[in-house]
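For reference, the structure discussed in these notes is given below.
The values are calculated or read from the model by the stated rules, or taken from the named source; none is laboratory data. Every value quoted in this text rests on a predicted model; they were computed, and no experiment measured them. As a convention, Cβ positions derive from the backbone with ideal geometry for all residues, glycine included, and neighbour counts pool all protein chains shown.
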Amino acid sequence: MTDTTRISKQLSFWLRHKPEDAGITLSPEGWTPVAPLLKVLEGRGLPCNPGRLQEVVSSNDKQRFELSEDGSQIRARQGHSVSVDLGLASQAPPDFLFHGTAEKTLPLIVETGLKPMNRHHVHLSPDRGTARKVGSRHGKPAILIVAAQSMAAEGHQFYRTENGVWLTIEVPVRFLEIDT
(Lines give C-alpha, C1' and ligand atoms only; values in the text may rest on other atoms or scores of the structure.)
Protein backbone atom coordinates (compact mmCIF):
# COMPACT_ATOMS: atom_id res chain seq x y z
CA MET A 1 0.00 0.00 0.00
CA THR A 2 1.42 3.39 -0.98
CA ASP A 3 1.81 6.24 1.49
CA THR A 4 -0.83 8.18 -0.47
CA THR A 5 -3.30 5.32 0.06
CA ARG A 6 -2.36 5.02 3.72
CA ILE A 7 -2.87 8.76 4.26
CA SER A 8 -6.21 8.63 2.43
CA LYS A 9 -7.44 5.68 4.52
CA GLN A 10 -6.35 7.39 7.72
CA LEU A 11 -8.12 10.61 6.71
CA SER A 12 -11.29 8.64 5.91
CA PHE A 13 -11.20 7.04 9.34
CA TRP A 14 -10.65 10.30 11.22
CA LEU A 15 -12.86 12.62 9.15
CA ARG A 16 -15.77 10.20 8.79
CA HIS A 17 -15.77 7.99 11.86
CA LYS A 18 -13.29 8.63 14.69
CA PRO A 19 -11.93 12.19 14.89
CA GLU A 20 -11.10 11.59 18.56
CA ASP A 21 -8.53 8.97 17.50
CA ALA A 22 -6.51 11.84 16.01
CA GLY A 23 -7.36 14.24 18.82
CA ILE A 24 -9.19 16.51 16.37
CA THR A 25 -12.62 18.09 16.51
CA LEU A 26 -14.97 18.40 13.57
CA SER A 27 -17.11 21.50 13.16
CA PRO A 28 -20.88 20.91 12.83
CA GLU A 29 -20.28 20.90 9.04
CA GLY A 30 -17.45 18.35 9.29
CA TRP A 31 -14.47 20.69 8.84
CA THR A 32 -11.25 20.47 10.84
CA PRO A 33 -8.08 22.57 10.64
CA VAL A 34 -5.34 21.12 8.41
CA ALA A 35 -2.30 22.10 10.51
CA PRO A 36 -3.04 19.89 13.55
CA LEU A 37 -4.08 17.05 11.25
CA LEU A 38 -0.70 17.18 9.48
CA LYS A 39 1.06 16.96 12.86
CA VAL A 40 -0.96 13.90 13.83
CA LEU A 41 -0.20 12.23 10.48
CA GLU A 42 3.51 12.85 11.02
CA GLY A 43 3.27 11.44 14.54
CA ARG A 44 1.71 8.29 13.06
CA GLY A 45 4.60 7.83 10.64
CA LEU A 46 2.86 9.41 7.66
CA PRO A 47 4.70 12.68 6.97
CA CYS A 48 2.46 15.05 5.03
CA ASN A 49 2.77 18.75 4.20
CA PRO A 50 0.08 21.00 2.70
CA GLY A 51 1.22 20.25 -0.86
CA ARG A 52 1.16 16.51 -0.27
CA LEU A 53 -2.27 16.78 1.34
CA GLN A 54 -3.55 18.63 -1.73
CA GLU A 55 -2.18 15.77 -3.86
CA VAL A 56 -3.91 13.16 -1.67
CA VAL A 57 -7.20 15.06 -1.89
CA SER A 58 -7.05 15.64 -5.65
CA SER A 59 -5.83 12.14 -6.54
CA ASN A 60 -8.42 10.27 -4.47
CA ASP A 61 -10.34 8.20 -7.01
CA LYS A 62 -13.63 8.76 -5.21
CA GLN A 63 -12.95 12.42 -4.39
CA ARG A 64 -13.86 11.70 -0.77
CA PHE A 65 -12.34 14.87 0.66
CA GLU A 66 -12.44 18.59 0.09
CA LEU A 67 -10.24 21.43 1.22
CA SER A 68 -11.54 24.88 2.07
CA GLU A 69 -10.78 27.58 -0.52
CA ASP A 70 -7.78 28.81 1.45
CA GLY A 71 -6.56 25.25 2.15
CA SER A 72 -6.67 25.70 5.90
CA GLN A 73 -9.47 23.18 6.57
CA ILE A 74 -10.47 19.75 5.29
CA ARG A 75 -13.55 17.53 5.50
CA ALA A 76 -14.96 14.30 4.13
CA ARG A 77 -17.70 14.77 1.53
CA GLN A 78 -19.90 11.87 2.68
CA GLY A 79 -19.88 8.54 4.49
CA HIS A 80 -19.93 9.84 8.04
CA SER A 81 -20.91 7.77 11.02
CA VAL A 82 -20.38 10.82 13.26
CA SER A 83 -22.94 13.61 13.25
CA VAL A 84 -22.25 16.35 10.71
CA ASP A 85 -24.41 18.58 8.53
CA LEU A 86 -22.82 18.87 5.10
CA GLY A 87 -25.25 21.63 4.15
CA LEU A 88 -26.49 19.81 1.08
CA ALA A 89 -29.75 20.99 -0.44
CA SER A 90 -32.35 18.45 -1.44
CA GLN A 91 -32.34 17.85 -5.21
CA ALA A 92 -34.56 16.09 -7.69
CA PRO A 93 -32.79 12.85 -8.64
CA PRO A 94 -32.62 11.29 -12.09
CA ASP A 95 -35.18 8.59 -12.90
CA PHE A 96 -32.81 5.83 -11.76
CA LEU A 97 -29.76 5.56 -9.56
CA PHE A 98 -27.65 2.51 -8.76
CA HIS A 99 -26.29 0.84 -5.67
CA GLY A 100 -23.35 -1.52 -5.72
CA THR A 101 -23.09 -4.17 -3.07
CA ALA A 102 -21.65 -7.63 -2.54
CA GLU A 103 -23.82 -10.41 -3.94
CA LYS A 104 -23.89 -12.07 -0.52
CA THR A 105 -25.86 -9.12 0.93
CA LEU A 106 -28.74 -9.39 -1.58
CA PRO A 107 -30.99 -11.67 0.53
CA LEU A 108 -31.11 -9.15 3.38
CA ILE A 109 -31.54 -6.16 1.04
CA VAL A 110 -34.46 -7.71 -0.87
CA GLU A 111 -36.11 -8.36 2.50
CA THR A 112 -35.48 -5.01 4.24
CA GLY A 113 -34.41 -2.51 1.55
CA LEU A 114 -31.28 -0.39 1.64
CA LYS A 115 -30.45 1.02 5.07
CA PRO A 116 -27.61 3.39 5.97
CA MET A 117 -26.21 0.83 8.45
CA ASN A 118 -23.58 2.69 10.51
CA ARG A 119 -23.68 5.79 8.29
CA HIS A 120 -26.15 8.64 8.01
CA HIS A 121 -27.24 7.95 4.42
CA VAL A 122 -27.46 5.26 1.78
CA HIS A 123 -24.96 6.01 -1.00
CA LEU A 124 -26.14 5.74 -4.59
CA SER A 125 -24.22 5.99 -7.84
CA PRO A 126 -25.28 7.78 -11.01
CA ASP A 127 -24.19 4.87 -13.24
CA ARG A 128 -23.76 1.11 -13.26
CA GLY A 129 -19.99 1.24 -13.70
CA THR A 130 -19.43 3.20 -10.52
CA ALA A 131 -21.88 0.99 -8.63
CA ARG A 132 -20.07 -2.14 -9.87
CA LYS A 133 -16.75 -0.74 -8.68
CA VAL A 134 -18.23 0.00 -5.25
CA GLY A 135 -19.82 -3.45 -5.00
CA SER A 136 -16.64 -5.26 -5.98
CA ARG A 137 -14.83 -4.03 -2.85
CA HIS A 138 -16.53 -6.71 -0.76
CA GLY A 139 -16.73 -9.71 -3.08
CA LYS A 140 -18.67 -10.55 -6.21
CA PRO A 141 -20.58 -7.37 -7.06
CA ALA A 142 -24.33 -7.05 -7.44
CA ILE A 143 -26.01 -3.94 -8.82
CA LEU A 144 -29.37 -2.67 -7.66
CA ILE A 145 -31.46 -0.26 -9.69
CA VAL A 146 -33.17 2.37 -7.55
CA ALA A 147 -36.36 4.00 -8.87
CA ALA A 148 -35.20 7.36 -7.51
CA GLN A 149 -37.73 9.57 -9.29
CA SER A 150 -40.59 7.39 -7.99
CA MET A 151 -39.16 7.64 -4.48
CA ALA A 152 -38.92 11.42 -4.77
CA ALA A 153 -42.54 11.56 -5.94
CA GLU A 154 -43.48 9.88 -2.64
CA GLY A 155 -41.56 12.43 -0.60
CA HIS A 156 -38.13 10.84 -0.17
CA GLN A 157 -35.32 13.39 -0.14
CA PHE A 158 -32.15 13.08 -2.21
CA TYR A 159 -28.89 14.98 -1.90
CA ARG A 160 -25.98 15.10 -4.34
CA THR A 161 -22.44 15.61 -3.09
CA GLU A 162 -19.79 17.55 -5.00
CA ASN A 163 -18.22 14.29 -6.18
CA GLY A 164 -21.47 13.00 -7.68
CA VAL A 165 -22.57 10.58 -4.96
CA TRP A 166 -26.31 10.63 -4.29
CA LEU A 167 -27.49 10.28 -0.70
CA THR A 168 -30.86 9.33 0.77
CA ILE A 169 -31.98 8.11 4.19
CA GLU A 170 -33.14 4.68 3.02
CA VAL A 171 -34.50 2.84 -0.03
CA PRO A 172 -37.61 0.74 0.60
CA VAL A 173 -37.76 -2.63 -1.16
CA ARG A 174 -40.54 -1.55 -3.53
CA PHE A 175 -38.14 0.89 -5.22
CA LEU A 176 -35.40 -1.71 -5.84
CA GLU A 177 -34.73 -4.01 -8.73
CA ILE A 178 -31.75 -6.34 -9.12
CA ASP A 179 -29.83 -5.49 -12.30
CA THR A 180 -29.40 -8.67 -14.30
Original post:
Between a first residue in segment 105-131 that is under 15 Å from Arg160 (Cβ atoms) and among the acidic types (Asp, Glu) and a second residue that is at pLDDT 95 or above and part of a strand (DSSP E or B), which pairs have beta carbons less than 7 Å apart while being 6 or more apart in sequence or on different chains?
Top reply: Asp127/Phe98
Original post:
Does Ala22 qualify as being surrounded by 16 or more Cβ atoms within 10 Å (Cβ to Cβ) and among the aliphatic types (A, V, I, L, M)?
Top reply: yes
**OP:** Mind listing just one residue for me: the one in segment 88-97 that is part of a loop (DSSP other than H, G, I, E, B) and over 15 Å from the mean Cα position of the chain (by Cα) and, of those, surrounded by the most Cβ atoms within 10 Å (Cβ to Cβ)?
**Re:** Pro93
Original post:
Just wondering, is there one or more residues in segment 130-153 that are buried (at least 19 other Cβ atoms within 10 Å of the Cβ), of a type in the set (S, T, N, Q) and within 19 Å of the chain's Cα centre (by Cα)?
Top reply: no
Subject >> Set Gln63, Gln78: member being part of a loop (DSSP other than H, G, I, E, B), touching a Leu at 6+ places or on another chain (Cβ under 7 Å) and under 28 Å from Val146 (Cα atoms) >> reply: Gln78
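Kindly state which helices (runs of 4 or more DSSP H) lie completely within segment 98-180 and contain at least 2 residues that are touching a strand residue (DSSP E or B) at 6+ places or on another chain (Cβ under 7 Å) and within 21 Å of His80 (Cβ to Cβ).
Numbers: elements: 106-112, 128-135, 148-153.
Helices (runs of 4 or more DSSP H) meeting the threshold: 128-135.
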**OP:** Sort out which residues of segment 112-121 are within 13 Å of the chain's Cα centre (by Cα) and either basic (Lys, Arg) or at pLDDT 95 or above (or both), and write them in order of number.
**Re:** Arg119
Subject >> For Glu55: the one exception among (1) in a helix (DSSP H, G or I); (2) assigned by TED's automatic domain parsing to the domain that holds Val171 >> reply: (2)
Subject >> Pair list, Cβ < 6 Å and 6+ apart or interchain, from segment 83-95 residues that are under 18 Å from Ala153 (Cβ atoms) to residues that are assigned to a loop (DSSP other than H, G, I, E, B) >> reply: Ser90/Gln157; Gln91/Phe158; Pro93/Phe158
Subject >> Subset of segment 1-40 (residues that are over 15 Å from Ala76 (Cβ atoms) and either hydrophobic (A, V, I, L, M, F, W, C) or not in a helix (DSSP H, G or I) (or both)) >> reply: Met1, Thr2, Gly23, Ala35, Leu38, Val40
**OP:** For segment 101-126, name all the residues that are under 19 Å from Lys18 (Cβ atoms) and touching a His at 6+ places or on another chain (Cβ under 6 Å).
**Re:** His120
